[in-house]
Amino acid sequence: MTTSVKLTMRSDRTLALVRALREEGYVQGVDFDFEHQIPRWDYFSDEPVEKPYTLFTFYNSHVAFIFQLKYSGS
C-alpha cells in the first residue's frame with residue numbers, strides 16, 4: 001500500500017530530505033519517490049497562488065509514518 005505525504009517547502013529543503021532518506025538506507029524507486037511542484041503565480045499579486053510543495057510517496061506505511069513524525073513539523 002502506498003502512502004503520500006505532502007509538505008510545503010522549497011526545492012533546496014526537498015533535496016536535503018531526499019539526501020537524508022538515502023543516508024538512512026532507503027532507496028528511491030523502491031522505498032519512496034518524490035515530486036516537487038514549483039510555486040504558481042497569477043502575476044497580479046506579490047504572493048504565489050500556490051506555494052511550492054513536495055509530495056513524497058512511500059511504498060511502506062511504516063516508513064511514511066516515521067517520515068511524518070520526523071519532518072512534518074519542520
Residue hits (segment 42-61; among the β-branched types (Val, Ile, Thr) and under 14 Å from the mean Cα position of the chain (by Cα)) are Thr54, Thr57
Within segment 26-74, the residues that are farther than 13 Å from Ser4 by Cα and among the aliphatic types (A, V, I, L, M) are Val27, Val30, Ile38, Val49, Leu69
Checked against (1) among the hydrophobic types (A, V, I, L, M, F, W, C); (2) in contact with a Pro (Cβ under 8 Å, 6 or more places away or on another chain); (3) in contact (Cβ under 8 Å) with a residue 12 or more places away in the chain, Val63 satisfies every condition except (2)
Scanning segment 21-61 for residues that are within 16 Å of Ser72 (Cβ to Cβ) and among the aliphatic types (A, V, I, L, M) gives Leu21, Leu55
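Only the coordinates and a few stated rules stand behind these numbers; no lab work does. On a predicted model such as this, the values are computed, not experimentally measured, just so you know. Here Cβ is always computed from backbone atoms with ideal geometry, including for glycine, and neighbour counts include all displayed protein chains.
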